[in-house]
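Before any comments, here is the structure.
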Amino acid sequence: MKKTLAILSLLALLFTLAACGSEEAPAANGEPTVIKLGVVGESNEAWQVAKKTLADQNIDLQIVSFSDYTLPNQALSDGEIDLNAFQHYAYLRNDCEKNGYDLTVIGETVIAPLGLFSQKISDISELKEGDKIAIPSDVTNGGRSLKVLEGAGVIEVDPAAGYTPFVTDITSNPLNIEFIEVEASLTAGLLPDVTAAMINSGHAVDNGLIPSQDAVYLEPVAEGADNPYINVIVARTEDKDNEAFKKVVAAYQTDEVIKVIEEVSKGSSIPVWTKK
């Protein structure tokens, strides 16, 4: 009798453990793993390709579009989304330092050159005394704009300001250019009202512009691991080793995605993972 009771107890315990295991197994109910990815703007064709790839792996990638650059890192930090892909290293570093976000890069995407666009001039050499140039107001894209204009010989900035100078760091402005600082997504809309505007590649495409063709000046791109303007996929640091998130990176870094990037950006965005 004792042996029988022991066997029955053991069987009951094994049954209980098996039941618990089946409840915890991700594939038990067949439901996909939902991952929310934050982007800025509406041009996310490359991510749509990754989304289809991930669907075959039972991962539902939900793309959440934000209207400006100030929102996706906060949403990620607050747990409203799981990943974001809208920024470069320089922006991430500055935003984390300013707001105390604990975020980590888990993958790289593209380098998207910044362009100077205009409805009034056809070449940067046509800028004249007192002209107005709109630039993004956030510190990294605004600073990047000033560095691009410095490289083009329009202004000079204090070297001590590094990659993120402010307008107040301009040390030489021979044409007395007036800089209009606005949220990055609004620069394209100011083209009728200013001489020219520095517009991020994504926003340019969203507004029907082809950076490689329509820019009066396009930022020269320096490739390399230390380039602060490589765009990245970002997670909360506590989730940086999440296996499902690694699958998201892998689904993006494919030859099929490269073809879509080249087609949509007209060659203005350069995939960087192939350069490593």
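Of all the criteria given as (1) in contact with a helix residue (DSSP H, G or I) (Cβ under 6 Å, 6 or more places away or on another chain); (2) open to solvent by 30 Å² or more (accessible area, probe 1.4 Å), the one not satisfied by residue 151 is (1). Only residues that are assigned to a loop (DSSP other than H, G, I, E, B) and either within 10 Å of residue 154 (Cβ to Cβ) or in contact with a helix residue (DSSP H, G or I) (Cβ under 6 Å, 6 or more places away or on another chain) (or both) were counted across segment 116-131, and they come to 2.
Scanning segment 64-85 for residues that are open to solvent by less than 50 Å² (accessible area, probe 1.4 Å), more than 17 Å from residue 253 (Cβ to Cβ) and hydrophobic (A, V, I, L, M, F, W, C) turns up 64, 66, 75, 76, 81.
Restricting attention to segment 206-216 and to residues that are more than 27 Å from residue 74 (Cβ to Cβ) and not β-branched (Val, Ile, Thr), the residue that is most open to solvent (accessible area, probe 1.4 Å) turns out to be 213. Scanning segment 217-241 for residues that are open to solvent by less than 70 Å² (accessible area, probe 1.4 Å), part of a loop (DSSP other than H, G, I, E, B) and touching a residue at least 60 places away in the same chain (Cβ under 8 Å) yields 219, 221, 227, 228, 229.
Give me the helices (runs of 4 or more DSSP H) completely within segment 1-81, filtered to those with at least 2 residues that are farther than 22 Å from residue 95 by Cβ, charged (D, E, K, R) and at pLDDT below 50, ordered by residue number. First the steps, then the outcome.
Details: elements: 2-24, 45-55, 72-77.
In segment 1-81, the matching helices (runs of 4 or more DSSP H) lie at 2-24.
The values are calculated or read from the model by the stated rules, or taken from the named source; none is laboratory data. Small disclaimer: the values here were computed from a predicted structure and weren't measured. When we count neighbours, we look across all protein chains shown, and the Cβ atoms used for this are built from the backbone with ideal geometry, even at glycine. These accessible areas exclude ligands, DNA and RNA; they are computed on the full protein's heavy atoms, side chains included. Shrake-Rupley method; radii C 1.70, N 1.55, O 1.52, S 1.80 Å.
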